Every structure is written in structure tokens, then in C-alpha cells.
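All remarks here apply to the structure that follows.
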Amino acid sequence: MARVVVVGAGLGGLSAAARLAALGHAVTLVEQAATVGGKLGRFARDGHAFDTGPSLVTLPQVYRDLFAATGGRLEDAVDLVRLDPAVGYRFADGTRLTVPGRADAVPAALDEALGPGAGAQWTALMERAAAMWRISEQPFLRTPLAGATTLARLARRPADVAAIAPWQTLRGLGRRHLAHPHLRTLLDRYATYSGSDPRRAPAVLATVPYAEQAFGSWYVRGGLHRLGPAVLDRALAHGAVLRTGCTARRVLVAGGRVAGVQLADGGRLPADVVVSGVDATALHAGLLAPDPRTRRVRRDLARATPSLSGFVLLLALRGRTPGLDHHTVLFPEDYDAEFDAVFGTGRHAGRPCPVTDPTVYVSAPDDPALVPDGDSESWFVLVNAPRHDPVHGVDWDTPGLAEGYADRVLDVMARRGLDVRDRLRWRVVRTPADLARGTGSVGGSIYGSSSNGSRAAFLRPGNASRVPGLFLVGGSAHPGGGLPLVGLSAEIVAGLVGPA
Ligand SMILES: Cc1cc2nc3c(=O)[nH]c(=O)nc-3n(C[C@H](O)[C@H](O)[C@H](O)COP(=O)(O)OP(=O)(O)OC[C@H]3O[C@@H](n4cnc5c(N)ncnc54)[C@H](O)[C@@H]3O)c2cc1C
């Protein structure tokens, strides 16, 4: 039995703690905040409640596996609902598309909204994406990153390499398979699921819409944040100890290997194994003293483009919106202008800035648990945003910036047909700076490093550090961000540590 300290009770840390405790280790989980969940947060006031982070669960089987491995059933712990329709899209030219929640119904919906042939184009793309999924799921997503070995595993068959097309971008793949411009926009959007730019992200991200449509879009009744305490319960059931309001200051190394964690309050937790669920950049820049063995990881992290951040509005609304889908996306006329602004490229080279005419994502669950009465709505609104970077980019703490930008987003929504300005009871604004402060993610990047560039997946730190006994879990480590991948990172870490 090893003494394990898990730092950070985001879903990555929670999942690792549950799995390692179930394997028989003595697990202590330390979390700086007062509650667990990290980015998977919640805000409530006056009867209105909101998820402040994730609003969409994909690949729920990852969490079914976690519950199975820790002696429970996911469905007994949370009320999972498969969404149908999955999402409503509104394009700048007025076209509306409602995507059904079942893959076999998608082509007909595309034909109806976009014209005959759109469904067939999308189906051909999804067939290619299904092949990519089959090739990459086990050897990449479910396996520790091992540099050249991983590449060799992936490149074993030339046909597989051709299907993955590592040289091709997601945008390039869309151009090849999709003639309809709205389908291309739709595909581009999936790059943002990993905080990336479709013009630089690899074609293999087509597996994201494939997984979403093949395995469904899901909601947790009462709010997705319920997943955090549910996973915590699995850890506690196996004897793990949770310490909230407890900040780790240093990962201790002695005799060349991990020795424990130094806490901000001066306490020390000796450990044989430390699992870091904090942002990998923050780990290597502060928690872990510079060590020649981590030089390469630090170099790779510096080389990678950080993922985008998000500007969030929580809107407490009086009245109801007829015909509104659970998820709605309002696209702008010029999608590329958004990526240029967020990443500081093209016409915004070197000068990232808030997006003037952003894509707006609205999550408006029809869930009585989130509203004070039947004549109210609680909307989570998310806009892609550049990270908080007062030195080289946007200083989101600049007085007036956040409130002014919130007004702008509401105006954009009104222009695109969702005018809620006169129904607003109150609003809460959350900037990338707030996200950085709340969760310790550097600059408020949502997904660690982005997938921009064909080598991006290999610049992300692996789950086993070069410092023996130190492991990395969560969205900034392999295999990446988002709830399903974070769950997979915990599975990989548990496999690397092994049973007690
Ligand atoms: C606005 C938004 C929308 C999103 N939408 C979706 C979505 O719809 N679907 C989806 O799948 N994913 C979504 N994501 C991404 C998803 O939330 C993350 O990938 C995932 O929750 C990350 O989990 P994590 O455990 O890696 O990190 P985090 O949740 O960031 O957890 C890190 C934890 O470590 C703690 N910590 C940091 N430093 C210390 C320290 N020194 N000592 C102790 N504790 C520390 C933090 O307080 C935090 O609790 C979204 C994220 C955001 C922000």
C-alpha cells in the first residue's frame, strides 16, 4: 500500500483519488478551494442555479468505467439524461439547424436544413472519423504517452496513418469532405472542444463530433457539477481523506524521488506517490522545484500554444423562451476573425483581444432544479476568449472591460435573435482572470495546452513524470482536456501506479 497525495480535486484529481483508493492505497486529496469540482463548478443565488464550467457530457462510458472500477453504478449516483435534440445552430445568414441526439437521424436533419446532399457529405466524414476513432482510441487515448513508442504504435499500418492523416488540419479535412460552408463551420467548431484553432488543429479532432453523435450528448439532471461530489463519494467510500481549503505549496523530492507535499499552512504530507491534478504549467513553474529531469517537459510546455479561455455570463431571466434548445450556438459571419482574435494570429498577429463579433454558446437546461419557479430561466452563456495575460495579451482585470464586454455579448445575442436584455433579473460575469484565480489554470486556459499544430498531442506532458513517484492527471496532461479525457487520464495514472 502506498501513501498517495492527490493535489487538486478537479474531476481529474477526484477520479484518480477514487481509483487509487479502490486499488487499496492510502489516499489524501488536498484542494485549495472550499469545494470539490474545480472547473466543474456551480453558482446559485435567489433560486437560480448554474453550472459554471462544463455543460455537456460526452462519452459517459468513461465515468461508467470509473464507477464500475470503484464499486458503484454511475446511474445510481447521478441522473444522466441523453439530449435529443443535441444542439441548435443558428448561422449568420439566418439558417437554422437542429441536430438530433441520435446519429442515424443526423443526415436527414442536415438535408432538411441545408439542402439535399448535406447529410451524405457529413456521413462520409463521420465514416472517416469512425476509422480515426478505432485507430486512435486504444493506442493513444487509453495508453500512457511514450514518445517514439506511441508514434510507432500509431504508425504500425500505413492505412492507419493515411486515415489519421497527421499532416492534415481539421479545416483541411472539412474542405476535402464538406462542400456546404455551414457544415465546414460546424466541423471547425469542434476544434474549440480542445481549446484550439481549426486551421492549426489536426484532422483527427473529427473524432470529437463522431464520439458526440455516436455515443450521445448527455446532461446530468440538477447540473453537471453533481458529478464532482459523486466521484468524491467513490473515493471516500474506499477510505480516501479529503482536505479542502488546503493549498499545496511544493511537491517534495528527496533522494531523487517524490517524498510528499508541503502545504501552504506549513504542514507536510509525506507520500510515496504524488498525483498532481493542477495545471501542468503551474506544477512545473511553481510547485515542483526546477529539476534537470523535467527540463524537456518545461520546454515542451513553453513551445505549445495554450488553449483558449472562456468569457462566461450567468443570466438569471424572468419568463421563458419558446422553442429554445438545451444547447444553442449562434455563429458569426466571420469565424476566422474569432480565432485570430483569441490566438493573436492573422490580422491580430501578436495582439490577442476579445472577439468583436463572437460565436455565442447558450446552455439553457429545462430543469426545475435550476430555477426559482416555472416562469424563469437560468442561462449559461460562453464565448471563446483569449487567456488572461496582462503582459503580452489581454488584461481581463482592466476596469470596465468585463462589464463592457458582457453588454456587447448581450447585444450580439439580441442581433442574432436571442434578446433577453429586458428579461434580465441579474447577471454574473466570469472572465478568464476569474477562472485562473478560481482553479489555478494558468491564464484561465480551459484545456491546458491546445491541439494547435501536428505535434501538439506530443508536447502535452505524459502522465508519469520523470521524477519517480510523481504522476500528472487532468486536462493539461495526456490525453487532454474535457471531462471524458480527464477521466481517461485518471485511468492511465491508476494503471501506472498499480494495485497496493
Ligand atoms: C467554462 C468552461 C466550459 C467547459 N465546458 C466543457 C464541456 O461542456 N464539456 C467538457 O467535457 N468539458 C468542458 N470543460 C472542460 C472541463 O471542465 C475540464 O477539462 C475539466 O473539468 C478539468 O478537470 P481537471 O481536474 O483537469 O482540472 P480542474 O477542474 O481545473 O481542477 C484543478 C483543481 O486543482 C485545484 N488546485 C490548483 N492548484 C492547487 C494547489 N496548489 N493546491 C491544492 N489545490 C489546487 C483547483 O482549485 C482545482 O479544483 C469546460 C471548462 C470550462 C472552464
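A few points about this structure:
- Filtered residues of region 164-185 (kept if under 22 Å from Ser450 (Cα atoms) and hydrophobic (A, V, I, L, M, F, W, C)): Ile164, Ala165, Trp167, Leu170, Leu173
- Some residue of region 257-270 being among the acidic types (Asp, Glu) and within 30 Å of Ala369 (Cα to Cα): no
- Reported count of residues in region 1-15, each being assigned to a strand (DSSP E or B), more than 9 Å from the ligand (Cβ to nearest atom) and either touching a Cys at 6+ places or on another chain (Cβ under 9 Å) or farther than 15 Å from Gly487 by Cα (or both), is 3.
- Region 409-430 - residue that is in a helix (DSSP H, G or I) and without any contact (Cβ under 8 Å) to a residue 12 or more places away in the chain and, of those, least open to solvent (accessible area, probe 1.4 Å): Ala414
- When residues of region 432-462 are limited to those that are more than 15 Å from the ligand (Cβ to nearest atom), among the aliphatic types (A, V, I, L, M) and crowded, with 21+ Cβ neighbours inside 10 Å, the one nearest to Gly487 (Cα to Cα): Ala457
- Sole residue being in contact with a strand residue (DSSP E or B) (Cβ under 7 Å, 6 or more places away or on another chain), open to solvent by 50 Å² or more (accessible area, probe 1.4 Å) and within 23 Å of Arg82 (Cα to Cα), chosen from Arg249, Arg243, Arg226: Arg226
- Subset of region 468-500 (residues that are open to solvent by less than 30 Å² (accessible area, probe 1.4 Å) and more than 11 Å from the ligand (Cβ to nearest atom)): Gly469, Leu470, Phe471, His478, Pro479, Leu488, Ile492, Val493, Ala494, Gly498
- Filter result for Pro365 (within 16 Å of the ligand (Cβ to nearest atom), open to solvent by less than 40 Å² (accessible area, probe 1.4 Å) and under 23 Å from Asp84 (Cβ atoms)): yes
- Close contacts from region 298-323, counting a first residue that is over 30 Å from Gly480 (Cα atoms) and a second that is of a type outside the set (A, V, I, L, M, F, W, C) and assigned to a helix (DSSP H, G or I), with Cβ to Cβ under 9 Å and a gap of 6+ residues or different chains, come to Leu317/Arg423; Arg318/Arg423; Gly319/Arg423; Thr321/Arg423.
- Flag if Ser465 is within 15 Å of the ligand (Cβ to nearest atom), surrounded by 24 or more Cβ atoms within 10 Å (Cβ to Cβ) and polar (S, T, N, Q): no
- One residue from Asp111, Asp188 being open to solvent by 40 Å² or more (accessible area, probe 1.4 Å) and either within 25 Å of Ser451 (Cα to Cα) or not aromatic (Phe, Trp, Tyr) (or both): Asp111
The values are calculated or read from the model by the stated rules, or taken from the named source; none is laboratory data. Remember, it's a predicted structure, so these values are computed and weren't measured experimentally. Neighbour counts are summed over all protein chains in view; Cβ atoms, including those assigned to glycine, are modelled from backbone coordinates with ideal geometry. Calculation scope for accessible area: heavy atoms of the full protein, side chains included, ligands and nucleic acids excluded. Shrake-Rupley method; radii C 1.70, N 1.55, O 1.52, S 1.80 Å.
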